[in-house]
1. In a shell of Cβ-Cβ distance under 15 Å around Glu121, excluding Glu121 itself, what net charge do Lys and Arg (+1) and Asp and Glu (-1) give?
2. Counting other C-beta atoms within 10 Å, and keeping those with at most 13, which DSSP coil GluC sites (Glu not before Pro) do you find in region 142-248?
3. How many angstrom lie between the Cα centre of region 134-159 and the Cα centre of region 65-88?
4. Net charge near Leu111, counting Lys/Arg +1 and Asp/Glu -1 over other residues with Cβ under 14 Å of its Cβ?
5. Among 177-186, 42-51, 67-76, how do they line up from the highest to the lowest mean number of other beta-carbon atoms within 10 Å?
6. If R₀ is 25 angstrom, what is the calculated FRET efficiency for the pair Gln266 and Asp239, using the beta carbon separation as r and rounding to 0.05?
7. What do you reckon, how do Tyr108, Tyr62 stack up by accessible area (1.4 Å probe), largest on top?
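The values are calculated or read from the model by the stated rules, or taken from the named source; none is laboratory data. If you're wondering where the values come from, they're calculated on a predicted model, not measured in any experiment. We place every Cβ from the backbone using ideal geometry, glycine too, and count neighbours over all the protein chains shown. For the accessible areas, the whole protein counts, side chains as well, though only heavy atoms, and no ligand, DNA or RNA atoms are used. Shrake-Rupley method; radii C 1.70, N 1.55, O 1.52, S 1.80 Å.
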Amino acid sequence: FILFFLTHGIARMRTRTLHLQQRENVLLELSKKREDCEDLAPVLWHTFGTVAGLLQEIVSIYPLLSPPTLTAHASNRVCNALALLQCVASHKDTRSLFLSAHIPLYLYPFLNTDSKSRPFEYLRLTSLGVIGALVKMDDPEVINFLLQTEIIPLCLRIMGSGSELSKTVATFIVQKILLDNSGLAYVCTTSDRFFAVSKVISDMVNNLITAPSVRLLKHCVRCYLRLTDNPRAREALRDALPQSLRDETFLHLLRDDLTVRKWLTQLLQAVNSPTTGVTRATGGSDVSGLGGGSNVLGGLNVGGAGVGLGGGV
């Protein structure tokens, strides 16, 4: 019955003569039912015209991004479409197809916005959720795809100025990229990339002193710990690691989280261990010249998302 309902709803959504209000209702119904059907993603992908309809919903609000005129109604509508794409992104049978079609690039203009209004924040958070669903699968194909796009600078931008929840999801995405060997190698290839990531995480950690968040601190510590797996990055962190992680600033915050306390202990042991000579890291990670952190965002092209979308926003 559920599958019939879904396919019937999809058929209605892709009908060219479908009234806009009817399509909106179908999007809402399908997004509510996505947890009830394991095969929704393949049905969405292989039903003619459905993905095109979802992309149409996405690109239709590009004009509302700049100048920022996005309404709560329009944001809710496109977020229902994004929820269905997240379903496609996380399914093992459609994930590769999702990447091959470069669909994540359609979301980058949303991540590149800076309005603090609730409709924009909801849009950014939902878009991050789609990327988060991809990296959560621990699939090297996903990481290799993302490293060819602007996802790291876009996440760093949100980590620097977003809401706590958006910062948390963006930091989680960066963490999952770093946990992949190719992702760690990418970030540690140049000093500009390394210090871009390190500086943003450091700023977040310092902000957590006055606005504490255990879940955000958890991802920050894990990112730092992963960076110490690269010898040159580990050497650079001897000076770049925030003092608040070295002392007892967050002791009360981590009192009940044994996992993060263990990570923090390992991190401090790594950066405080005696230098035994720095060698080139496995996988080509060569953070040469890490002695200076000038031009922190150099080479990362933070501005101008819309990669491969003919200019985007």
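1. So the surrounding residues net to +3.
2. Glu248
3. Centre-to-centre distance over Cα atoms comes out at 21 Å.
4. Neighbour charge sum, excluding Leu111 itself: 0.
5. For the peptides 177-186, 42-51, 67-76, the packing ranking is 177-186, 42-51, 67-76.
6. 0.85
7. Tyr62, Tyr108
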